[in-house]
1. Dipole magnitude of region 2-86 about its Cα centre, charges +1 at Lys/Arg Cβ and -1 at Asp/Glu Cβ only, in debye to the nearest 20?
2. Please compute, over every Cα-Cα pair in the chain, the percentage with a separation greater than 23 angstrom.
3. Rounded to the nearest Å, what's the spacing between the alpha carbon centres of region 1-25 and region 37-87? Just the number, please.
4. How much length is gained if the chain between Asp50 and Ser37 is pulled fully straight, taking 0.36 nm per residue apart and subtracting their Cα-Cα distance, in nm to one decimal?
5. Please give the calculated 222 nm ellipticity per residue for the chain, where each DSSP H segment of at least 4 residues contributes -39500 (n - 2.57) and the sum is spread over every residue; nearest 500 deg cm²/dmol?
6. At a Förster radius of 22 Å, what calculated FRET efficiency corresponds to the Cβ-Cβ distance of Arg22 and Ser72, to the nearest 0.05?
7. Build a GNM of the chain with springs between Cα atoms under 10 Å: which of Arg13, Arg53, Arg24 gets the top mean-square fluctuation?
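Each reported figure results from applying straightforward, stated rules to the coordinates on display, with no laboratory input. Just so it is clear, the model here is predicted, and its values are computed rather than measured. Here the Cβ positions follow ideal geometry from the backbone for every residue, glycine too, while neighbour counts run over all protein chains shown.
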Amino acid sequence: MEEKFLEALANARGQAEKLGVRIRPIADMAGAHRCLSGHRESDGFWQLSDKKRLDLTLEALAVKKQYTGLFSDEEANNALSRLMDAG
């Protein structure tokens with residue numbers, strides 16, 4: 001499941017770059033956990049929000065049903081809160 005998540009994240013990053021939004025790659029689950037446990041949004045979050053493409057963010061992927069088991073409740077809640085704050 002982790003491999004599929006990281007593949008989906010890399011795919012989303014590629015789509016974001018086509019929109020002109022540069023996102024640093026997250027190479028492993030530890031990086032995803034760090035980002036979701038921290039106090040700031042993932043790279044490109046607000047630029048993707050401006051483009052109405054929050055679906056390409058780490059936060060959006062983390063709350064998808066097929067990936068929720070990869071994250072703690074706190075990480076999933078952080079992701080959902082960030083998405084809700086962005087509108």
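1. Here region 2-86 has a charge dipole of around 360 debye.
2. That fraction is 11 percent.
3. 13 Å
4. In short, 2.3 nm is gained.
5. For the chain, the value works out to -17500 deg cm²/dmol.
6. Computed FRET efficiency for Arg22 and Ser72: 0.20.
7. Arg24
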